[in-house]
Amino acid sequence: MPTCPATISNNQFPMSDNLQQRIHDAIANPKNLGEMENADSVGTVGSPDCGDMLRMWVKFKEQDGKKVIDRATFQTFGCETAIAVASVATELIAGKTIDEALSMSGEELSAPLGPLPPMKIHCAQLVEGALRSALLPQPASPKPAPAPAPRATTLFDQLNAATAPDRKVKIVLKTPHS
């Protein structure tokens, strides 16, 4: 698992013992970890800042006439905090409609862990981004480029076409004295 630069201890913003314990507990027993077969939607996001990547799978169900999230799973190449946030977030969004889940911020998705120090906020944003990627309609595939316009016939093309057996070309050259 890559080590995110933000995992390095930072004396300016140390993590509380309580937060460290909650992250440790979430890592020791992550919820909803792994790929989901037959998912209804998949979202992937990566962070160029530290190389973390997170993919989230979502399955929906009908409940009281509404489409709600039945289950979500995740995989990540990320630091411990990203794993912990993804684990708690997949639990939080179960039973929510798409709009309810989309309205949740990274801060809300990581709330069960407690407030994250500034150097770890990107972990919650990574999870929020993967969730949004899975739940928002994806832009349509780019339309294929229009076929290039036929090129204009050149004099050379006309001459070559004229050499066909059924065509004859008469070239007249005029000199200035004629």
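Since every read-out is calculated from the coordinates, none of them should be taken as a lab result. Being a predicted model, the structure only gives us computed values, none of them experimental. In this analysis, Cβ positions are derived from the backbone assuming ideal geometry, glycine residues included, and neighbour counts consider all displayed protein chains.
Tabulated values for the structure
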item: Segment 43-115, relative contact order in percent, only Cα pairs under 8 angstrom and at least six apart counted; result: 25 percent
item: Inter-label distance, nm, simple model (7 Å from Cα along the C-beta direction), Gln20/Arg132; result: 3.2 nm
item: Interchain or long-range residues, amide H under 5 Å from Ser41's placed H; result: Val58
item: Inter-probe distance in nm under a simple model that places probes 7 Å from Cα toward Cβ, at Ser103 and Glu35; result: 3.5 nm
item: Under Karplus coefficients 6.51, -1.76 and 1.60, residue-wise ³J(HN,Hα) of segment 93-109 in Hz, glycine/proline x; result: 7, 4, x, 8, 6, 4, 5, 5, 5, 5, 7, 7, 7, x, 5, 5, 5
